[in-house]
Structures are given as structure tokens and as C-alpha cells.
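Enquirer: Submitted below is the structure of interest, expressed as C-alpha cells.
The values are calculated or read from the model by the stated rules, or taken from the named source; none is laboratory data. If you're wondering where the values come from, they're calculated on a predicted model, not measured in any experiment. Positions of Cβ are backbone-derived with ideal geometry, glycine not excepted, and every protein chain shown enters the neighbour counts. For the accessible areas, the whole protein counts, side chains as well, though only heavy atoms, and no ligand, DNA or RNA atoms are used. Shrake-Rupley method; radii C 1.70, N 1.55, O 1.52, S 1.80 Å.
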Amino acid sequence: MTAESLIGKQAPLFTMDVVMPDTSFTKISLRSIMKKDKWTVLFFYPMDFTTICPTEITSISDDIKEFEELDAEVIGVSTDTIYSHKTWRNIPREEDGLGKIKYPLAADTNHKVSKDYGVFDAEEGIAHRGLFIISPEGEVMYAVVHHHHVGRDVDEILRVLLALQTGRPCPANWKPGQSTLEEHTSS
């Protein structure tokens, strides 16, 4: 399965161990987020203690209120353990750590979720930099996979989330507050 082949389909269900914002350990599941009638922003990153990953993780955390205002829960996922996540979170940003992060980081140590979402790099044993936006009903509405050397744009994630939430076709370069297109065409 590839990430692109999930579009318009039911998202693979998952339950993963996570480190929460208060650094406690628990489990999180897609089903529990869906029961709260929330959108899910699920993003995969290659590994802890790297160069690009903390720029994404902290940028998303810095804008978490915007995701919350859009009724979305964010989950970051790598194949590292929850202990590695917690250690990285306990290191201040100024010392190349994450510091305080305002959403859970999940551990996909058995690679099941990375494989289910089509982002697992078997040669390296890590996840590609993948992003999925899942509707409250569990449908994969958006999927994108980047090269390991390219970080994601948080404003673009928010723009796409808001566009999807309009339920209407949005043209190229659409920005929040702009008109959407009529329903008679979708391509």
C-alpha cells in the first residue's frame, strides 16, 4: 500500500504508545479521536535526535492552538521508542532538544502503522516524512510524503486542513477567507 492509495478510503486504525505533553506515557488510538468527532493530523518523521525533524515538531507545537481551533488533534510518529521521545523532549530547544511539545509523540516501534500508511522505509528501518489528514469519520482526505531532507510547512498543513473542512472545491492557491468553487467540477 502506498500513501496515495489511501486517499478517499478509511484510514488504517491504530493504537500506539505515546508521550503526552506532560511527558506521561499512555496510548492513543484513531478510534478515540474519531469518537470525539475530531480531525486527525498524523505526521511521520524519520527519527529522534536529527536535524530537520525538530524544526517541524516544534513549529507544529508552536501553532497547536490553530489546529485545536480547527477541531484537529495532532500526533507525531516515528519508529523510535517512547523513552527516546521523552528524553528528546526533556532537552531544551536551545540545546538541540524539543523542549515542551503540546501534542503527543507516538512510538511505532513494530513499524505496523508506518507500513499501514505506506511510509515505511524498510532499508533504513524508519518512516518517511509523511503527513495524513483524516476526517472525523476516519476517511483519509490528504496524504503527502516528502524526502527526508525537506521539512513541512505548517501554514500549508493548516491551509489544507481548513480547505478540506469547507467541504467545497478549493482552487489552486486558495487561502482561508477566499471563495471556494462551485460543486459542478472537482478537477
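Enquirer: Want the number for VAL144 to GLU124: 0.36 nm per residue separation, take away the alpha-carbon distance, what's left?
Expert: Here the segment from VAL144 to GLU124 would lengthen by 5.2 nm.
Enquirer: OK, next. What accessible area per residue comes out for the chain, rounded to a whole number of Å², with a 1.4 Å probe?
Expert: That works out to 51 Å² per residue.
Enquirer: Kindly write out, for segment 114-131 in residue order, the coupling ³J(HN,Hα) from the Karplus curve 6.51 cos²θ - 1.76 cosθ + 1.60 (θ = phi - 60°), rounded to whole Hz, with x marking Gly and Pro.
Expert: Per-residue couplings from phi come out as 4, 5, 4, 9, x, 10, 7, 9, 5, 5, 8, x, 9, 8, 6, 7, x, 9 Hz.
Enquirer: How long are the semi-axes of the equivalent ellipsoid of segment 42-109, taking √(5λ) for every eigenvalue λ of the Cα gyration tensor, in whole Å from largest down?
Expert: Equivalent-ellipsoid dimensions as semi-axes: 19, 14, 10 Å.
Enquirer: To continue, here is another question. What stretch of the chain, leaving out the sites themselves, is the longest with no trypsin sites (Lys or Arg not before Pro) in a DSSP loop having at most 16 other Cβ atoms within 10 Å?
Expert: So the longest stretch without any such site is 103-187.
Enquirer: Which whole-number percent gives the relative contact order of the chain, counting Cα pairs below 8 Å spaced six or more residues apart?
Expert: RCO, the chain: 27 percent.
Enquirer: For the chain, modelled as a Gaussian network with Cα springs under 10 Å, which listed residue fluctuates most, ILE91, ILE28, ILE157?
Expert: Looking only at ILE91, ILE28, ILE157, the biggest GNM fluctuation is shown by ILE91.
Enquirer: Using a 1.4 angstrom probe on heavy atoms only, work out the carbon and sulfur share of the accessible area of the chain in %.
Expert: Carbon-and-sulfur percentage of accessible area, whole number: 50.
Enquirer: Where Lys and Arg each count +1 and Asp and Glu each count -1, what net charge lies around ASP80 among other residues with Cβ under 15 Å from its Cβ?
Expert: -2
Enquirer: Would you calculate the convex hull of the Cα atoms in segment 50-187 and tell me its volume per residue in Å³?
Expert: 130
Enquirer: Report D for segment 123-187 in µm² per second (integer): Stokes-Einstein, Kirkwood Rh on Cα pairs, 25 °C, 0.890 mPa s.
Expert: Result for D is 180 µm²/s.
Enquirer: Quick check: from the Cα gyration tensor, does segment 1-84 come out rounded (a/c under 1.5), prolate or oblate?
Expert: Rounded is the answer for segment 1-84, as its axis ratio a/c remains below 1.5.
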